[in-house]
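A quick write-up on the structure given underneath.
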Amino acid sequence: MLTEKEEKFIVYWEKNRIAQKKNTKQFIIGLTMGLLIGFTTLVLIFSGWYIRATMVANSKLSPIVFLIAVIVLSVFIAFLNRKYKWEQYEQQYLELLAKKKKTDKQVQQKK
């Protein structure tokens with residue numbers, strides 16, 4: 001038997017699975033995470049926290065290339081985050097459907 005929470009999830013995911021796959025909210029959340037990682041790296045490099053890394057960054061690192069890398073990394077993390085979340089929910093949905101089918105089959109066999 002499925003719990004009430006599992007039944008609600010099945011109903012919710014049946015209605016929203018296509019919309020969630022194209023949802024930009026998850027992409028924005030992932031983009032925020034990626035930008036946070038990139039800007040944290042920028043702060044650590046330019047704050048002089050690790051002197052040797054700061055010297056190497058200042059001598060060999062082009063700021064434009066680094067900013068492009070941060071943006072590319074952020075978009076990649078956003079895409080990966082969105083895809084991962086959707087796959088998690090889809091896997092849970094398929095497992096619950098299989099469980100429901102199995103319990104329905106067992107109930108029918110008992111009758």
If N is the number of residues in the chain, what value comes out of its Cα radius of gyration divided by 2.2 N^0.38 Å?
1.73
In the stretch 1-33, which GluC sites (Glu not before Pro) are in a loop and have at most 11 other Cβ atoms within 10 Å, using DSSP for the loop call?
none
What number, rounded to the nearest 500 deg cm²/dmol, is the helix-based mean residue ellipticity at 222 nm of the chain, given -39500 (n - 2.57) per DSSP H run of at least four residues and division by all its residues?
-31500 deg cm²/dmol
Please sort by residue number the trypsin sites (Lys or Arg not before Pro) in the stretch 1-48 whose DSSP state is loop and whose Cβ has at most 10 other Cβ atoms within 10 Å.
LYS22
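For the chain, return all DSSP H helices satisfying: extent of Cα atoms along own axis at least 30 Å; mean Kyte-Doolittle hydropathy at least 0.5.
Result, helices passing both filters: 24-46.
Readers should treat all values here as calculations from the given coordinates under stated rules, not as data from a laboratory. Nothing here was measured: the structure is a model prediction, and the numbers come from that model. Note: ideal-geometry Cβ built from the backbone for every residue, glycine included; neighbour counts use all protein chains shown.
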